[in-house]
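Structure first, commentary second.
Read-outs: derived from the displayed coordinates by stated rules, not from any lab. Note that the structure is a prediction, hence the values are computed from the model and not measured. Here the Cβ positions follow ideal geometry from the backbone for every residue, glycine too, while neighbour counts run over all protein chains shown.
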């Protein structure tokens, strides 16, 4: 769960919502810590075609409450995977920190 002020957001919910967009191939949601009580949502997206961050934001505005919107969105070519085929979120976070 991601804590945003007095609200909690499930990362899976945002990932599932974004996956329904026709231009999105894969997505992973990470947490950016702002403080002890505040976290921000960071969506990392692999697009099927040329998608813009503005398009993704407009899509989310139609699907989920505003407090669930990712504060940051990043388009990437691919997501790192574990040997089991799941997104390696630790490696992804490290790549984004570079």
Checklist entry - What is the chain's relative contact order, in percent, from Cα pairs under 8 angstrom and six or more apart in sequence? => result 24
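Kindly provide the helix-only [θ] at 222 nm of the chain, computed as the sum of -39,500 (n - 2.57) over DSSP H runs of four or more divided by all residues, to the nearest 500 deg cm²/dmol?
-8500 deg cm²/dmol
Out of the DSSP beta bridges found with both residues in segment 2-97, what percent are antiparallel (nearest 5)? Could you put the intermediate results ahead of the total?
Details: 13 of 18 bridges.
Among the beta bridges of segment 2-97, antiparallel pairing accounts for roughly 70 percent.
Taking a ≥ b ≥ c as the square roots of the Cα gyration tensor eigenvalues, with a/c under 1.5 meaning rounded and otherwise prolate when a/b beats b/c, else oblate, which class fits segment 1-81? Working shown, then result.
Numbers: a/c = 2.10, a/b = 1.55, b/c = 1.35.
Prolate, since a/c reaches 1.5 and a/b exceeds b/c.
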Checklist entry - So how much slack lies between residue 10 and residue 58, counting 0.36 nm per residue of separation and subtracting their Cα-Cα distance, in nm? => result 15.3 nm
Checklist entry - Sorted by average packing, counted as other Cβ atoms within 10 angstrom per residue and highest first, what order do 43-49, 78-84, 17-23 take? => result 43-49, 17-23, 78-84
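Could you calculate the contour length gain from residue 86 to residue 48, that is, 0.36 nm times the residue separation minus the distance between their Cα atoms, to one decimal place in nm?
Numbers: separation 38, 0.36 × 38 = 13.68 nm, distance 1.86 nm.
That pair, residue 86 and residue 48, stretches by 11.8 nm at full extension.
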Checklist entry - R0 = 35 Å: FRET efficiency of residue 78 with residue 3, Cβ-based, nearest 0.05? => result 0.75
